[in-house]
Ligand SMILES: C[S@@+](CC[C@H](N)C(=O)[O-])C[C@H]1O[C@@H](n2cnc3c(N)ncnc32)[C@H](O)[C@@H]1O
């Protein structure tokens, strides 16, 4: 059903192997999570080349899951992903928590921002005569909700739950869905999900978006791979509670008294079930909404709806009003009276110059490295990286000591412009770090030892300074932490390391000290995630740059799991031994 799923107990948890198990402190498994909350990303169908927007992402379990899916082909020996995930969170503290969570994967495809999803900025870039709007292949709206679907897991929320919770959240949920649909590409897919079973947070929101956008937006069935998921259909009808009076409900907007339409907790027309012509349309599609009901598969409660965008959306009411105003103004200006009035106006006060919309870079926090780091060409030269890759490296604006690598599509995202810059929390994976002390002939920018995944990604970009090592070479280095250059040369002579020329200057001349990536040679690598360790080479030694704790987990990882053939062979052997024992037992019995 899903690459890497180890256990398919619906009521249990899934354990996903991480694409970067070498440094994962939890061992070879990346993460454990409740199964229903894993469904929205599976409904979304993310692929490694997709541009994905996760509008309400913290604490980040779904972002993490989508990132794992993106890296899956690479972890099986394929090519690195070219897409990206842009994860957003409103609360600064939670956005940092999210960055920490997804940062564990060390992916160049990850970008985290901090803004209100309802007003997520429209990004665009200037082409020859117009602005090109940037839209996403996939959008996830896992919106804030009352959480009543999680009551089994968190019974204490009963104490504070009131019907007002869902009513208050409805408009924010609707605005987030509207924004998500606007930011989606034509042909793209959006998943709306909540861990609530309240129709005011679920069906009412979905139906309001369908009604607003007509044929431009469609609800679609879940992907075929999800057909075995047992769930109820979306509801046909429901009632809206009076927030001021317990036990009072309204069936339609018209029958609700005016005071609740304008009260503190407003009952909006979008909260009610579909009526009129739209009721019939809703009847046709409501089955595509999936209600994960606890009694069906012994899970928490969850709601998921999948949208597809079929055409550009009609301009919003605000855009239409502005357009109408502009048209009216143009019409007025053609009449003589208007002209005369305009003249008078002009005499009264000088006409203000029309404000030009200024577009700025998407973020102020990260800048392209080649625009801020004068020594960047030397860094590229030292590591033998092609200058055409420069656009994929960024630095923090405040002169940080790290250079980050981003995927091809994330680099394009960073070139986008907005009217108001967005606060960016993290971007890509650390690739280089500036060191205070280094060999006088070495590059001061060493391979980032804190994010070994960065080095692995650089190796995929044909980093010149890399040494392919055998498993036993790496094990020895992990134990001893440092080998003399003479030992390295002797191991290389035995075939335990190839590519020693990486330790010479580009022209093949003098020894070149400094940072180097150690990879697992292809014959030892097999089908495993890309792997690289960072070491420092001097004329006398090769020293591993790794914390003791990480070295321990890497040792375990390098020991590896037995192959299927090895397990079968052992089982067979054990089977033979058992047979032998049984035979000898029979013989003893016979003897008696
Ligand atoms: C249901 S949780 C998301 C869970 C997350 N998708 C996951 O799988 O870990 C909703 C998140 O949206 C955030 N949030 C609430 N209002 C928001 C808004 N207007 N814009 C962006 N995020 C918002 C909340 O702080 C919360 O972290």
- Would you mind pulling out the separation of the Cα centroids of segment 47-124 and segment 191-210, in Å? 23
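Share of antiparallel DSSP beta bridges in segment 371-530, in percent to the nearest 5?
The antiparallel fraction comes to roughly 75 percent.
Under 1.5 on a/c is rounded, so check that first for segment 78-118, then, if it is not, pick prolate when a/b is larger than b/c and oblate when it is not; a ≥ b ≥ c are the square roots of the alpha carbon gyration tensor eigenvalues. It would help to have the intermediate numbers written out before the result.
Details: a/c = 4.76, a/b = 1.78, b/c = 2.67.
Since a/c reaches 1.5 but b/c is at least a/b, the shape of segment 78-118 is classed as oblate.
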- Item | Tensor-based shape of segment 390-431 (alpha-carbon gyration tensor, a/c under 1.5 rounded, otherwise prolate or oblate) | oblate
- Task: Given the peptides 395-402, 69-76, arrange them by the average over their residues of other C-beta atoms within 10 Å, most packed first.
- Result: 69-76, 395-402
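If you count, for each residue, the other Cβ atoms within 10 Å and average over each peptide, how do 409-417, 170-178, 188-196 line up from highest to lowest? Write out the running numbers ahead of the final one.
Numbers: 409-417: 19.6, 170-178: 21.4, 188-196: 24.2.
Averaged packing, sorted descending, gives the order 188-196, 170-178, 409-417.
Does segment 243-325 come out rounded, prolate or oblate, given a ≥ b ≥ c as the square roots of the eigenvalues of its C-alpha gyration tensor, rounded meaning a/c under 1.5 and, failing that, prolate meaning a/b above b/c? All intermediate terms of the calculation are to be shown ahead of the outcome.
Values: a/c = 2.06, a/b = 1.12, b/c = 1.84.
In terms of gyration-tensor shape, oblate.
Each value in this text was obtained by applying a stated rule to the coordinates, not by laboratory testing. None of the values given here were measured: they were computed from a predicted structure. Ideal geometry is used to build each Cβ from the backbone, glycine not excepted, and the neighbour counts take in all protein chains shown.
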